[in-house]
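Here the structure is laid out as structure tokens; the discussion comes afterwards.
The values are calculated or read from the model by the stated rules, or taken from the named source; none is laboratory data. Since we're looking at a predicted model, the values are computed, not measured. When we count neighbours, we look across all protein chains shown, and the Cβ atoms used for this are built from the backbone with ideal geometry, even at glycine.
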Amino acid sequence: MVAVTNFLKQNTVWVISMVCLAAVTYYKVEQFDAKFIGLEEDYKERISLVQLELISVEERLGKKIKIINDNTKELQKIAIKVAILETTECK
């Protein structure tokens, strides 16, 4: 016990510095953890929003593809009618 008492008397400033440094380090680690958790939640929210937007875009694209396919059939019918008219008028 005498050795510990002598060590503390001789190194009081060093021991206080180490305790303060440990406290500051602990505080900084806690701040970093809080920021990291906040960032993780923010990214999860952004990913969810992007997924919802992607679903919306896929639905709109599907509707447009359907319109294009429907119009393609009509255009093919019109092209056949034009070809028939051209062949009948050219004779």
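Look through segment 70-91, keep the residues that are more than 52 Å from the chain's Cα centre (by Cα) and of a type in the set (D, E, K, R), and return whichever of them is surrounded by the most Cβ atoms within 10 Å (Cβ to Cβ). Taking the candidates together, the pick is Glu86. Of all residues assigned to segment 34-52, none qualifies as being at pLDDT below 85 and over 22 Å from the mean Cα position of the chain (by Cα). Annotation note: of Thr87, Thr25, the sole residue that is in a helix (DSSP H, G or I), at pLDDT below 85 and of a type in the set (S, T, N, Q) is Thr87.
Report whether or not Ile65 is modelled with pLDDT of 90 or more, of a type outside the set (Phe, Trp, Tyr) and in a helix (DSSP H, G or I).
Details: modelled with pLDDT of 90 or more: yes; of a type outside the set (Phe, Trp, Tyr): yes; in a helix (DSSP H, G or I): yes.
It is true that Ile65 is modelled with pLDDT of 90 or more, of a type outside the set (Phe, Trp, Tyr) and in a helix (DSSP H, G or I).
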